[in-house]
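Everything on this sheet refers to the single structure shown next.
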Amino acid sequence: MSSIIGQPISRVDGVLKVTGGARYSSDIPLANLAHAVVLHSTIAKGRITQINTTAAEQAPGVLGIVTHLNAPKLHSISFAQPGQPPSAVGRSLPILQDLVIHFSGQQIGVVIAETLEQAEYAATLVQVTYAEESPITNLHTVLEQAFYPDKTDALGQPLETKRGDLETGWAAADVQIDQSYTTSTNNHNPLAPFASIAVWEGEKLTVYDASQWVQNVRLVLAATLGIAISNVRVVSQFVGGAFGCGLRAWPHVTLAAIAARHVHRAVKLVLTRQQMYTFVGYRPQTVQHLRLGATRDGKLTAIVHDNLSPTSPFDEFVESTTNNSRVLYACPNVATTHRLVRVNAGTPTYMRAPGESVGTFALESAMDELAYALELDPIELRLRNYAETNPETGLPWSSKSLRQCYQIGAERFGWSNRDQKPHSMRRGNTLIGLGVASAMYPVYRLPASAMARIAVDGSVLVQSSVTDISPGTYTVMTQVAAETLGLPISQVRFELGDTDMPEAPLQGGSMAMASVGSAVQAAALALRGKILGLAIADEHSPLQGVNKEDVIAMEGRLCLQHDHSIGETYSEILMRNQMTQLEAQSSSMPGEERQQYSMYSFGAQFAQVHIDIDLGMMRVARFLGVYGAGRIINAKTARSQMIGGIIGGVGQALEEETVMDETNGRIINANFGEYHVPVQADIGKLEHIFVDEHDPHVNPLGVKGIGELGLVGVAAAIANAVYHATGKRVRNLPITLDKVL
Amino acid sequence: MNPFSYVLATEYQTAQAAILDRPAAKFIAGGTNLLDLMKEGVETPPQLVDINRLPLEQIEIQADGSMRLGALSRNSNVAYHPTIQARYPVLSEAILSGASPQLRNMATTAGNLMQRTRCYYFNDSTVPCNKRVPGSGCPAISGFNRIHSILGTSEQCIATHPSDMCVALVALDAIVHIQGSARNRTIPLTDFHHLPRETPHLETVLEPGELITAVEIPVLPFAARSHYLKVRDRNSYAFALVSAAVALEIQNNKISAARVAFGGVATKPWRDQAVEHRLVGADPTEETFRAAAEIAVRDAVPQRFNAFKIELTKRTLVRALTQVVAMPGETL
C-alpha cells in the first residue's frame, strides 16, 4: 500500500535549487530596494559615549542612519517561558534603546543606502567612542557567580533532577568514574548568511527572512514594534541552512523593519559572515562533571551529571546537557544539575541536538572509561544497563530498537575484530581506533495545521507555514499528501514558509515531520473525506451509498478497496458538482499517548579513527550509525540528514571551536578560514542503517524525527575511538592534534 | 571597503608610475589575499595597479637548466608543471598543500611572496597590531597564540608567515628578480623577507615602486628527492601548524647535501642551515634526524598556547627526512 512514503524520492525543489530558481530571503526581487548595513560594537563591555554619524550621512547614496539617538521606542518581551516551546526572542532587551554595551558585536545602529557598497562605506565613516570596561570572557574566572536557572528548559526538560538515593548508589559501587569534560563554543555556520528584506505598505509589514519559525518571527516583530500581529507577514520559502540559529527572531530582523520604516523604502539587510558569529547565537561551551558508580559486573548504581555553561548578561539560555544521563540507562540513583555564568557574549541558542550532543559526549565518554575500568566490552556494558522502560518515569517506551542497533552495528562494523587494548591496532605510522556511543533523542510533537486544496484538474496544493531549512521538508510533505490522496507526487505541490498559511510550529527539535506531517496527512484525509462525501451522496456516482471505510485512494481515484473498478476520479466528482476546487484545513496535535508512553529515537554509532602516531593528524576513516527512528518517509533525504549529522559531529569532535579573545572579548576566528569545519579530505566512508521500526503510538505517521539523532553520539564515538587508538583520553573538545601528541 | 582608484597597467613603466603616483598604492595580481584584507579594512590602498596584463606568466627552463617562474605564473601552473614535478617535487607538493584549487588558479608566484600573515589580530582592524599600526601593541602575545610563531619572533610581533610555497622555495635557494624604476636587482629569497624585530610593519626588502618580475630556482639535481610535509588542523584548506621542506643527497650511504626549511612556526619562511650542517656527513638514520631536529628548535620561544609546536616541529622534520630517504630514486 505504501507506494510513495519511504521511497528515495529526489527533492521536489532540487531543480529550482541547482538552477538558481529557488528564492532565498535575499533573492526576493523588489523594486526600489535599499540596502542596510548593521553597525556593531567593537568593545565587549561598557557604554557608548558618542556616535558621530555626520560624515556617514553625507557619504554618497546614504538614505538614513538609525542609532539609539533616533531609534523608535521598542518593547521588551519575555525571553523564555518555562515549559513552553522554545522562546521566541533572540534577545529580550530591545536594541538601540540605550548606550550600554554587553558584548562585542552588539548591534548599535544601521546605515541605509542606495547600494550595498555605499552602505558599507558609509558604515566605516561612523565614529563611535566608548567608555570601556573590562569584560568577563572566561567563565572559569567567575565561577563564584554561577547560579541555578529556572527548573525546566524551554522544551520542558527538567534542569535539576534527583531520583533514588545517591549514598546508596555510591555505597554499592565497586568502581567509580569521576571526570570533567568540556566542549567548546560552536557556531552554526549555515552556508547562506542570514538575510532579511522588510517592506512596509502603510501599517502592514512584510518581512522575507531566513527562519526556522515564521510564526515566531511574526509574533516577536509585532510585540517589539508594538503593532498588531495581523499587520505582520513573515515569509521564508528557502533557507540556506540554519542548524538552530534560525529558531529565534534575532535583533537584525527588527533592525531591517526599523530601517525600512526610516527610509520609506523596502530594505534588504544581509549579515556578514563575521556577524553570523555574534548576531544569531551559538552553541555555548560546557563544563560537565560526570560521576558514575558501578558494580564489578557492570551495573550502574549511581550517575551524577552537573553542567556549567555561559549565558549573556541579559538573558538566561541553558544548554541542557543531562537529559540522556537521566534516561538512557537503567540506573536507580541519578542526580543532575545545571548552572549558568554570565559572560560578555551574546545569548547562546539551540544548535543541532542542543544539549544532547555535548551531554552525550560526556556521558558516553564516561561509559567508555567505565568499560575500560571494568575490562568490559563497551557494548556489553551498555547492554547490562539497558533500560527496558523509561527509568525516570517508569513508562513503557512507545518503541525502542536500541538493542538491535548495537547488534546490527557491531556486526556490520566488524566490532568483534577490535582489540580492546588501547594503542593496539596499527598500520605503519597510523594508529587505528574503534569507538562506539549510543544516541538518543526525544520525539517531540506540537500542534500544527495544514490546508489541502484540489483543483478540478486533479492537482492538489497543500500549505503549511512550516519552513524548510534544507532537510527536504518540501519533498517529504509532498509525499505524505500524495500518498494519502492516492496521487503521484507530480500532482501535488506543497507550499510553506509564510505566515499567511496555516499555523505550524518551529522546524527544530526534529519535530517537523511528526507535527506538520501529521497535519498534512490530516488535511489530505479531510479533503479526501469531503470529496468522498460528495460522491457518496451523489446518485450519479458509482460510489453512491458506499461505506467510507471501504473506499481507498489510488491513481487519482477513489474506489472500493475490494473492487478497484468501482470508483471515479477526483476530477469527475468535482466537475459533476460544478466545482472548480475544493479545500479542507485540518489540525493535528498530540494527545494522551504522551502520558502513556515514553517516546524517543535511539541509535548506536561506531567510529573508526586513523591517527598519525607521531604527528597526531586525524581522519575519521569510517563511521556507521544504526538507528531506530520510526518510519522513514524518504530514504534519500534521510540519508542526507544522517551523513550530515556525522559530518557535523566530526567537526564538533575534532575541529570546531569559536575562540573569544580573553582580553577584548572579540571572536577572533569569525570566518571559514580559521573556524574549521570538516572538509572532504577529513571524511571517510559514512554509512547508516535504519532498523525497521513500527511505532503505533508516537503520531499518526509513526515517525520519530531524525535531524538531531544523527549527531547525538558522534563526538563521543570519535573520542572513544581516539582513546582506543592512542591510549589518550581527551576530555576536551575539539580533539585537536596537539591534545594527542 | 575604502573607495580606491584602479589602473590597468599594460607595461612596466605605467605600472611603476601609477604605484609611485599615489603613496600606499598597491599592485594587484591574483588578489586572493589583498581583496580579503581590503574588505576587512586591514589594507586600505587608495589605488590598485592591476599588473595581470604584464608579460610575466611564463614558466621557463633556462639554458643552464635553472627554472624561471614569471611573477604572474599561477600557483596551479607551477605545481603541475612536469619539470617542476620531476625536479622539485617539494615545490609542487608545497603549493598543492595550500589553499584550494580555485585559489591556486588565481594566486601568483610573486603574490605568494607578498601575502600577509593570518594572525587573527592583524586581520581585525579594530584591535592594536604593531604590524598594522606600528607601536600600537601586540594582542597576540597576550592573547590566543596557538597558530603563532616559535622562531624569529620579537617582543613586537609573533605573527607566522603563512606561505607553503615560500618554504619550499627557500629550501631550493630561490632567487627573486626585482625591477625598480631606476635599476633591476636580484636577491636570495632567504633575504627577501625581514624578521619582525622592532619593525614588524616592514615585511620585505621591496622599495617603493619595485616590482617582482620572476623567481628563479637554480639547478639542484638532488632536489628530485625532496618532500614537503605539512601538519595542520584539518586535512585540506588549513594553514600549517608546522611544515617542513626537505631535500637530501645521499652518497655511499652518507648524507652529502641537505636542504631544510620550515613553515607554520616562524615569522618568515625559515631556512635552517645549522640543521643542514648537522645532517651533512652523517648517516641517514633516525638518530641523525633526531639530533638535527633538536638543532632546529634550539632558539624556539614558545607562547602560552603554542608550546606544542616545538615537539611537533621536531617530529615533522624527522618524519619528512625519513620519507625522503624512502623515496625512490638514485642513491649515489
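The values are calculated or read from the model by the stated rules, or taken from the named source; none is laboratory data. Predicted model only: the values in this text are computed from it and were never measured. We place every Cβ from the backbone using ideal geometry, glycine too, and count neighbours over all the protein chains shown. For the accessible areas, the whole protein counts, side chains as well, though only heavy atoms, and no ligand, DNA or RNA atoms are used. Shrake-Rupley method; radii C 1.70, N 1.55, O 1.52, S 1.80 Å.
A Cβ distance below 6 Å, combined with a sequence gap of six or more or placement on separate chains, defines the contacts here; from segment A:528-544, residues that are closer than 21 Å to A:Glu483 by Cβ and touching a residue at least 40 places away in the same chain (Cβ under 8 Å) reach residues that are open to solvent by less than 40 Å² (accessible area, probe 1.4 Å) and among the hydroxyl-bearing types (Ser, Thr, Tyr) in the pairs A:Ile531/A:Tyr570. Against the test of being assigned by TED's automatic domain parsing to the domain that holds A:Pro354, touching a helix residue (DSSP H, G or I) at 6+ places or on another chain (Cβ under 8 Å) and modelled with pLDDT of 95 or more, the options A:Ala725, A:Ala653 yield a single qualifying residue, A:Ala653. Is at least one residue of segment A:658-673 within 14 Å of chain B (Cβ to nearest Cβ) and among the aromatic types (Phe, Trp, Tyr)? Yes, segment A:658-673 contains at least one residue that is within 14 Å of chain B (Cβ to nearest Cβ) and among the aromatic types (Phe, Trp, Tyr). Taking the criterion of being open to solvent by less than 20 Å² (accessible area, probe 1.4 Å) and within 21 Å of A:Gln176 (Cβ to Cβ), the residues of segment A:279-303 that qualify are A:Gln288, A:Leu290, A:Leu292, A:Gly293, A:Ala294, A:Gly298, A:Leu300, A:Thr301, A:Ala302, A:Ile303. Just to be sure, is B:Arg104 out of contact with any Phe, Trp or Tyr (no Cβ under 8 Å at 6 or more places or on another chain) and either under 26 Å from B:Val242 (Cβ atoms) or within 14 Å of chain A (Cβ to nearest Cβ) (or both)? So B:Arg104 fits the description; yes.
Do we find that B:Asn105 is part of a helix (DSSP H, G or I), in contact (Cβ under 8 Å) with a residue 24 or more places away in the chain, surrounded by fewer than 19 Cβ atoms within 10 Å (Cβ to Cβ) and not aliphatic (A, V, I, L, M) in this structure? Here the answer is yes, as B:Asn105 does meet what is asked. For segment A:674-692, the set of residues classified as more than 9 Å from chain B (Cβ to nearest Cβ) and either free of Cβ contacts under 8 Å to residues at least 60 places away in the same chain or out of contact with any helix residue (DSSP H, G or I) (no Cβ under 9 Å at 6 or more places or on another chain) (or both) consists of A:Gly684, A:Lys685, A:Asp692, listed by residue number.
Residues of segment A:528-547 that are within 42 Å of the chain's Cα centre (by Cα) and not small (Gly, Ala, Ser): A:Arg528, A:Lys530, A:Ile531, A:Leu532.
Taken across segment B:165-172, residues that are at pLDDT 95 or above, in contact with a Lys or Arg (Cβ under 6 Å, 6 or more places away or on another chain) and surrounded by fewer than 21 Cβ atoms within 10 Å (Cβ to Cβ) do not occur at all.
Scanning segment B:269-288 for residues that are open to solvent by 20 Å² or more (accessible area, probe 1.4 Å) and polar (S, T, N, Q) yields B:Gln273, B:Thr285. Selection of first residues in segment B:280-295 that are at positive phi and of second residues that are open to solvent by less than 50 Å² (accessible area, probe 1.4 Å) and not in a helix (DSSP H, G or I), restricted to Cβ pairs under 7 Å at least 6 apart or on distinct chains, gives the following pairs, ordered by first then second residue: B:Gly281/B:Ile255.
Restricted to segment A:381-438, and to residues there that are basic (Lys, Arg) and either in a strand (DSSP E or B) or open to solvent by 10 Å² or more (accessible area, probe 1.4 Å) (or both), the residue that is nearest to A:Gly293 (Cα to Cα) is A:Arg384. The conditions of being hydroxyl-bearing (Ser, Thr, Tyr), open to solvent by less than 30 Å² (accessible area, probe 1.4 Å) and in a strand (DSSP E or B) are not met by A:Tyr130. Does B:Ser236 satisfy the condition of being open to solvent by less than 10 Å² (accessible area, probe 1.4 Å), closer than 26 Å to A:Leu654 by Cβ and not aliphatic (A, V, I, L, M)? Considered against the rule, which asks whether it is open to solvent by less than 10 Å² (accessible area, probe 1.4 Å), closer than 26 Å to A:Leu654 by Cβ and not aliphatic (A, V, I, L, M), B:Ser236 comes out as no.
Scan the helices (runs of 4 or more DSSP H) fully inside segment B:271-332 and keep the ones with 2 or more residues being of a type outside the set (Lys, Arg) and more than 24 Å from B:Arg225 (Cβ to Cβ).
B:308-326
Selection of first residues in segment A:183-208 that are open to solvent by less than 30 Å² (accessible area, probe 1.4 Å) and of second residues that are basic (Lys, Arg), restricted to Cβ pairs under 7 Å at least 6 apart or on distinct chains, gives the following pairs, ordered by first then second residue: A:Thr185/A:Arg283; A:Asn186/A:Arg283; A:Ala195/A:Lys268; A:Ile197/A:Lys268; A:Thr206/A:Arg233. Taking each residue of segment B:254-267 that is open to solvent by 10 Å² or more (accessible area, probe 1.4 Å) and looking for partners that are in a strand (DSSP E or B) and of a type in the set (A, V, I, L, M) with beta-carbon atoms closer than 6 Å, six or more apart or interchain, yields B:Arg259/B:Ala247. Of all residues in segment A:656-669, those satisfying the criterion of being more than 25 Å from A:Phe361 (Cα to Cα) and open to solvent by 10 Å² or more (accessible area, probe 1.4 Å) are A:Glu662, A:Thr663, A:Asn664, A:Arg666, A:Ile668. Within segment A:609-650, the set of residues being facing chain B (nearest Cβ under 9 Å) and in contact with a helix residue (DSSP H, G or I) (Cβ under 7 Å, 6 or more places away or on another chain) comprises A:Asp614, A:Leu615, A:Gly616, A:Met617, A:Met618, A:Arg619. Kindly indicate the residue of segment A:312-332 that is touching a residue at least 60 places away in the same chain (Cβ under 8 Å) and not in a loop (DSSP other than H, G, I, E, B) and also surrounded by the fewest Cβ atoms within 10 Å (Cβ to Cβ) among those meeting that condition. In this case the residue turns out to be A:Val327. In the set (1) closer than 21 Å to A:Ala519 by Cα; (2) touching a strand residue (DSSP E or B) at 6+ places or on another chain (Cβ under 9 Å); (3) small (Gly, Ala, Ser); (4) not in a strand (DSSP E or B), the condition left unmet by A:Gly616 is number (1). Checked against the criterion of being within 13 Å of chain B (Cβ to nearest Cβ), open to solvent by less than 10 Å² (accessible area, probe 1.4 Å), of a type in the set (Gly, Ala, Ser) and under 24 Å from the mean Cα position of the chain (by Cα), the candidates A:Ala653, A:Ala715 yield just one match: A:Ala653. Residue-level analysis places B:Ala182 among those that are open to solvent by 10 Å² or more (accessible area, probe 1.4 Å) and modelled with pLDDT under 95. Consider segment B:269-301. How many of its residues are within 12 Å of another protein chain (Cβ to nearest Cβ) and under 21 Å from the mean Cα position of the chain (by Cα)? Summing the residues that are within 12 Å of another protein chain (Cβ to nearest Cβ) and under 21 Å from the mean Cα position of the chain (by Cα) in segment B:269-301 gives 1. Filter segment A:257-279 down to residues that are under 24 Å from the mean Cα position of the chain (by Cα) and either closer than 19 Å to A:Leu74 by Cβ or in a strand (DSSP E or B) (or both), then give me how many there are. Count: 3.
Of the residues A:Gly169, A:Gly240, the single one that is among the small types (Gly, Ala, Ser) and either closer than 25 Å to A:Ala512 by Cβ or in a strand (DSSP E or B) (or both) is A:Gly240. Among the residues making up segment B:141-158, a single one is within 12 Å of chain A (Cβ to nearest Cβ), hydrophobic (A, V, I, L, M, F, W, C) and under 21 Å from the mean Cα position of the chain (by Cα): B:Ile147.
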